[in-house]
Amino acid sequence: MSTIVALATGENLAAIALIRLSGEDAHRLALQHFESLSSVSSHPVRRALLGKIILAGEVLDQVLLTLFAAPHSYTGEDMAEIACHGSPYIVQTLLDTLIQEGAHPAQPGEFTYRAYLNNKLDLTQAEAVNELIASRTAAQHRTAFLQLEGALSEQVEALRDKLLELASLIELEIDFSDQDVEFVPRAQFAELAERIHAELTKLCKTFRSGHAIQNGLPVTIAGAPNAGKSALLNYILQEDRAIVSDLPGTTRDAIHGEILLNGLTIRFTDTAGIRETSDTIEQLGIERTLKFLQASPLALLLVDIAHTPCDQFQAAFALLLSKLPTDAQPLFLLTKSDLVDSNSAQEKLRNVQHHYPTAHIVLWSSKTGEGETAIRAWLEEKTRQYLPTDGGFAITNARHFEALSAAREETLLLLDAIQAGLSSDLLSSHLRRIIRLLGELTGTIPPQEILNNIFRHFCIGK
Ligand SMILES: Nc1nc2c(ncn2[C@@H]2O[C@H](COP(=O)(O)OP(=O)(O)O)[C@@H](O)[C@H]2O)c(=O)[nH]1
Ligand SMILES: [Mg+2]
């Protein structure tokens with residue numbers, strides 16, 4: 001395999017830069033212009049050497065060179081890491097020299113790809129490397145780290161092992177089909193398939209949480225113009241993100257802001273106020289509001305308690321409720337509570353609560369902060385629904401979710417086929433499809449393994 005080289009640290013100016021080499025010439029290339037000052041350690045597979053890089057008689061830099069001997073390296077190949085000073089000139093000169101002398105500039109992800117090819121990581125672990133690097137929150141870090149340590153691979157491999165075992169027995173039945181033998185009693189087979197289905201279902205369910213961990217939890221802020229939506233967003237973010245104005249229709253496009261709660265990112269979207277309008281631009285904004293409301297179950301719905309006439313109060317509620325998706329979990333805020341005396345505010349609250357007994361409704365003022373505790377408690381409760389239960393484990397990757405869902409669907413078909421008493425070769429084809437899907441997930445190639453498994457467990461001799 002050719003030797004590749006790349007700058008492993010970012011392009012930004014920093015004290016130290018790390019240049020990585022991997023492949024059979026990695027050590028030779030790294031040592032070519034290196035003059036050792038002292039040996040920092042002389043471990044047989046990993047050596048760190050302090051020395052100078054000398055090019056055409058001139059010292060380019062003093063560096064720390066670490067050599068890793070195959071297979072004890074990240075990629076499983078011989079590797080060298082040169083920690084030099086972060087000067088763009090030093091980095092570029094070193095890279096140019098190494099490339100001139102035969103190293104190839106690495107493709108994106110090529111070190112990890114080689115690690116995968118050399119069985120250092122499976123596919124899900126390789127993907128986890130990417131997620132770990134990109135992680136910004138505690139929950140993202142935790143899910144990526146668990147996946148890198150093999151939490152998903154282990155579960156999927158355990159399922160595959162069971163399936164491979166079954167597949168080998170069923171293939172054997174096909175071989176002995178003329179003798180009409182059943183190596184797997186069908187009741188036991190069905191029970192196993194159900195267990196596998198249950199485990200796949202459990203894995204798939206973690207995606208709800210994994211998706212929220214990766215992409216944040218969207219919360220739409222909606223209501224009539226002037227209800228106080230932008231003031232609420234600014235209050236939550238503690239900054240002047242959106243323009244607050246008593247001119248109705250000020251916020252025409254969606255404005256986003258994020259906070260971190262329980263390790264999850266909550267993405268608030270302040271939207272254009274919903275009302276009848278002939279202004280086409282405002283109308284476009286309102287259509288976007290409706291899309292945001294439809295797209296996420298969490299919404300903060302605002303009704304101005306100070307300026308909405310009593311006889312329009314319920315209509316305002318009904319209008320907002322009619323825009324929500326069926327799985328909506330809104331929190332209603334009766335806004336500008338500082339402008340009404342507390343008795344009449346309480347009375348209005350009781351009144352709407354009476355008409356909407358199941359709705360969560362609180363009084364809110366962005367001037368006094370009344371209702372902040374209630375909003376925070378609601379957000380806390382909602383985020384908790386998305387936190388992973390299984391020690392932080394959750395699948396975060398859509399590819400994994402799709403493969404697991406497809407495998408789960410196929411398990412249902414397998415169950416139907418068993419119950420319908422279908423022949424071994426039909427059962428085998430379902431099993432093979434599930435095995436292939438799970439194999440694609442972790443990156444192992446299944447059919448050869450089925451064969452190997454047969455030969456490993458049985459001596460067929462024909
Ligand atoms: N007294 C009071 N005024 C508020 C409150 N929230 C918003 N406002 C005022 O109501 C007007 C409209 O607020 P804004 O946040 O722009 O409403 P939006 O159209 O829903 O985004 C502005 O003049 C705000 O200063 C509040 O809680 N109390
Ligand atoms: Mg606004």
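Could you pull out the trypsin sites (Lys or Arg not before Pro) across the stretch 365-398 that fall in loop regions by DSSP (anything but H, G, I, E, B) with no more than 16 other Cβ atoms inside 10 Å?
Of the trypsin sites (Lys or Arg not before Pro), the ones in loops of the stretch 365-398 whose Cβ has at most 16 other Cβ atoms within 10 Å are LYS367.
May I ask for the net charge around GLY228, where only other residues with Cβ less than 15 Å from the Cβ of GLY228 are counted and Lys, Arg are +1 while Asp, Glu are -1?
-2
Mean projection of the alpha-carbon convex hull of the stretch 1-84 over all orientations, in nm²?
For the stretch 1-84, the mean projected area of the Cα convex hull comes to 5.8 nm².
What longest range of the chain stays clear of loop-exposed GluC sites (Glu not before Pro) (DSSP non-H/G/I/E/B, at most 13 other C-beta within 10 angstrom)?
277-462
Going Cα to Cα from LYS367, which lysines come in below 27 Å? Please leave out same-chain ones fewer than 8 positions away.
LYS229, LYS336, LYS348, LYS382
For the chain, what proportion of DSSP beta bridges, expressed in % and rounded to the nearest 5, is antiparallel?
Taking every DSSP beta bridge with both residues in the chain, the antiparallel ones total about 65 percent.
Quick one: accessible area per residue over the stretch 4-117, 1.4 Å probe, rounded to a whole number of Å²?
With all protein chains present, the stretch 4-117 gives 51 Å² per residue.
If ligands, DNA and RNA are left out, what is the accessible area of THR251 with a 1.4 Å probe, given in Å² to the nearest 10?
20
When the solvent-accessible surface of protein heavy atoms is calculated with a 1.4 angstrom probe, in what order do LEU349, LEU298 fall, highest first?
Solvent-accessible surface, decreasing: LEU349, LEU298.
Just to confirm a number: summing +1 for Lys and Arg and -1 for Asp and Glu over residues other than GLU402 whose beta-carbon lies under 12 angstrom from that of GLU402, what do you get?
After counting each charged neighbour, the total is 0.
Where the accessible area of the chain is counted over protein heavy atoms with a 1.4 Å probe, how much of it, in %, is carbon and sulfur?
54
Once the whole set of protein chains is in place, how much accessible area is left on SER177, using a 1.4 Å probe, in Å² to the nearest 10?
80
For the chain, what are the DSSP H helices with axial Cα length of 30 Å or more and mean Kyte-Doolittle hydropathy of at least 0.0?
151-175, 398-419
The values are calculated or read from the model by the stated rules, or taken from the named source; none is laboratory data. None of these values were measured; they are calculated from a predicted model. Cβ sites come from the backbone with ideal geometry, for glycine too, and all protein chains shown count toward neighbours. Note: areas computed on protein heavy atoms with side chains; ligands, DNA, RNA excluded. Shrake-Rupley method; radii C 1.70, N 1.55, O 1.52, S 1.80 Å.
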